[in-house]
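These notes concern the structure reproduced below.
The values are calculated or read from the model by the stated rules, or taken from the named source; none is laboratory data. These figures come from a predicted structure and were not determined experimentally. Neighbour counts run over all protein chains shown; Cβ positions are idealised from the backbone, glycine included.
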Amino acid sequence: MRCPFCGYTEDRVIDSRLSQDGSVTRRRRECLMCSKRFTTYERVEEMLPMVVKKDGTREPFDRTKILAGIKKACEKRPVSMEAMEEAIDQIEARFIESGEKEIPSSAIGEAVMEALRRLDEVAYVRFASVYREFRDINEFMKELKDLLHTKKKP
């Protein structure tokens, strides 16, 4: 670890703590050269699949793109950032656990819609209208009817 103050590469760990969910380790360190203290955060790097877009191009899985879409759908809705982050964590875990090296972007879109349906119905309809590219009011109404129909089921 390189000291952010003097650049020296030797330090000692003063304190280590796990985050609440155990996915991140916070370490308090002290540089052996300048004696200044700094904090590092360690996270296990998981192998995320590549995303295959509609046009066939491939790009790395990007949770920030998913977060941007969910934030936009949840704009001015009573959905906390914590709930949005948790939904993304679940989506990410689902694709990591699948073991697939590549996933179609449509699978991500469907997973986001499932998560939004549980979080907030208005956010779900907002996202669905963009994701499914509704061309007219009839397609929009059909989605609303489907939502109401599935909501009535126990």
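Identify, from the list 123, 107, 87, the residue that is touching a helix residue (DSSP H, G or I) at 6+ places or on another chain (Cβ under 6 Å), in a helix (DSSP H, G or I), free of Cβ contacts under 8 Å to residues at least 40 places away in the same chain and surrounded by 15 or more Cβ atoms within 10 Å (Cβ to Cβ). Result: 87 is the single residue among 123, 107, 87 that is touching a helix residue (DSSP H, G or I) at 6+ places or on another chain (Cβ under 6 Å), in a helix (DSSP H, G or I), free of Cβ contacts under 8 Å to residues at least 40 places away in the same chain and surrounded by 15 or more Cβ atoms within 10 Å (Cβ to Cβ). Among residues of the range 126-140 being under 25 Å from the mean Cα position of the chain (by Cα) and of a type in the set (D, E, K, R), the one that is surrounded by the most Cβ atoms within 10 Å (Cβ to Cβ) is 126.
Scanning the range 90-104 for residues that are surrounded by 12 or more Cβ atoms within 10 Å (Cβ to Cβ) and within 15 Å of the chain's Cα centre (by Cα) yields a total of 6.
Before we move on, is residue 50 of a type in the set (A, V, I, L, M), in contact with a Cys (Cβ under 8 Å, 6 or more places away or on another chain) and touching a residue at least 24 places away in the same chain (Cβ under 8 Å)?
Numbers: of a type in the set (A, V, I, L, M): yes; in contact with a Cys (Cβ under 8 Å, 6 or more places away or on another chain): no; touching a residue at least 24 places away in the same chain (Cβ under 8 Å): yes.
So residue 50 does not fit the description; no.
Whenever a residue of the range 136-154 is in the same structural domain as residue 122 (by TED's automatic domain parsing), its partners that are at pLDDT 75 or above and surrounded by 12 or more Cβ atoms within 10 Å (Cβ to Cβ), lying with C-beta atoms within less than 6 angstrom and at least six residues away or across chains, give the pairs 143/128.
Looking only at residues that are in a loop (DSSP other than H, G, I, E, B) and either hydrophobic (A, V, I, L, M, F, W, C) or in contact with a helix residue (DSSP H, G or I) (Cβ under 7 Å, 6 or more places away or on another chain) (or both) in the range 1-39, which one is nearest to residue 89 (Cα to Cα)?
Out of the qualifying residues, it is 1.
Surrounded by fewer than 11 Cβ atoms within 10 Å (Cβ to Cβ), within 27 Å of residue 124 (Cβ to Cβ) and not assigned by TED's automatic domain parsing to the domain that holds residue 110, is that true of residue 55?
Working: surrounded by fewer than 11 Cβ atoms within 10 Å (Cβ to Cβ): yes; within 27 Å of residue 124 (Cβ to Cβ): yes; not assigned by TED's automatic domain parsing to the domain that holds residue 110: no.
So residue 55 does not fit the description; no.
Taken across the range 16-31, residues that are touching a strand residue (DSSP E or B) at 6+ places or on another chain (Cβ under 6 Å), in the same structural domain as residue 148 (by TED's automatic domain parsing), of a type in the set (S, T, N, Q) and surrounded by 11 or more Cβ atoms within 10 Å (Cβ to Cβ) do not occur at all.
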